[in-house]
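Bear in mind that the values in this text are calculations on the coordinates, not laboratory data. Treat the numbers as computed from the prediction; the structure is a model and nothing was measured. Cβ sites come from the backbone with ideal geometry, for glycine too, and all protein chains shown count toward neighbours.
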Amino acid sequence: MERLIDPVIADLQHEYEEAIRRGDVWRSRSIRVAGYIAFWKVAGLAALSADRRLSRALAFALSTGTIITALLVWVTLAAVPPRIDYSGRTTWLVLYLIPQALTISVPVCLALGVFCRLRGRNPTGAARRTVLALAIGCSLASFANLGWITPAANNAFRVFLVGRPEVRGANELTIGELRRRVHLALPGEIPEALPPAFWYHARLALVAAPPVLCLFAFATATIRRGRSGLMVLATLTFFVGCYAFFTPSQVAELARWLPVSAIAWIPNTVVGLATIAIAFTRPRATEATAG
Amino acid sequence: MSPLHRIPTLPPKEALILDLLARESEMYGLQLVAASKGRLRRGTVYVTLGRMEEKGYVSSRLEDAPPDAGGLPRRIYEPTAFGRRVLSAWAHVARRLSPEFAR
């Protein structure tokens, strides 16, 4: 670090001081911004080149995340009725569907990254804190996405596909609007197979998904190698499958036996139970320490 | 291991840095960025220089800052004799092969 970070800071300080000496305020400000960007870039590149395991984990998680995002976008586009012709407009439709897909692919991507980085190791305190910070950060980003960005993108998707709708579905309401509808027991503006309570709880469950999946990945990574990779693959496939392949009518069938709010939390509950089972039943890895 | 695996490699960015250093004899990171006319970025030049130092192409020292100067001293880079030889060998190979590629 002394040979990578210190030169960045030293050069930045000298360039900044020179600009100040010349009285060039705007130049000094631009140097400061460019310097901060350069600093973080160097720090990131240095961390990646020093930790090959981290770079491999990042590459694997990002490529898997991209595939899952593409799969989720494709599933939604494939569900568009054949009578609606969207040829020539596919790029925009795909862009509108990406925020919704990210709410599922980002937690999965994060869990895979954590698992690959920590697999078969005893994580240090710093590693635990980093994972926790990443999970909370992702959860907050997910809340903003599910609360405002995804509803707007979903609405734009429907407007672009079938023209301006007079009413909005549950997936096009902001989290506040949806919450009001649930608490005042208002019916949806359009007839839907599921009540607003399901969609509200499904969003909350997705906000909670990053910490839940991270904990699962953490618990699985710290047990001895063997079938841990298979367990992660099966659990994450189940998690993605719940959101990608269950239709509202299938969920409505399930609602005969379970409250809709409980159904929305099934993916998280299953992953949480798997985490508890792993944490309390499997021997821990002792081969190395991961920082 | 075959002798081919032991031949030092010189990616384009490292070749550019060695070329600039060979002309000016010693420079610091941002001087290299400015002299490269946009071909080097301030976010990547330090990582490349670090890698080149590990390979033995360049060496570095901290500048002798005036006593009243605040902040960290800058790190000055210069090409090593090995770095100069690698650059010259690669330039020779490039000159020999460029007519083949230009055809």
Structure-based [θ]222 nm, chain B - -39500 (n - 2.57) summed over DSSP H runs of at least 4, per residue, nearest 500: -16500 deg cm²/dmol
Cα convex hull of segment A:1-158 - mean projected area over all directions, nm²: 13.7
Exposed trypsin sites (Lys or Arg not before Pro) absent - longest run of chain A, DSSP non-H/G/I/E/B, at most 13 other C-beta within 10 Å: A:90-223
For chain A, built as a Gaussian network whose Cα springs stay under 10 Å, the top-fluctuating residue of A:Gly137, A:Gly44, A:Gly169: A:Gly44
Cα-based convex hull, segment A:200-261, per residue volume (Å³, whole number): 97
Cα gyration tensor of segment A:1-50 - equivalent ellipsoid semi-axes, whole Å, descending: 25, 11, 4
The protein assembly as shown - Rg (one decimal) and Dmax (whole number), Cα, Å: 27.7, 81
Extension reserve of the A:Leu273-A:Ala144 stretch, reckoned as 0.36 nm per residue once the Cα distance is removed: 43.7 nm
Net lengthening on full extension, A:Ile20/A:Ile67 (0.36 nm per residue, minus Cα-Cα): 12.1 nm
Relative contact order (%) - criterion: Cα under 8 Å, at least six apart; region: segment A:52-290: 27
Where labels lie 7 Å past Cα in the beta-carbon direction, separation of B:Glu26 and B:Leu62 in nm: 1.5
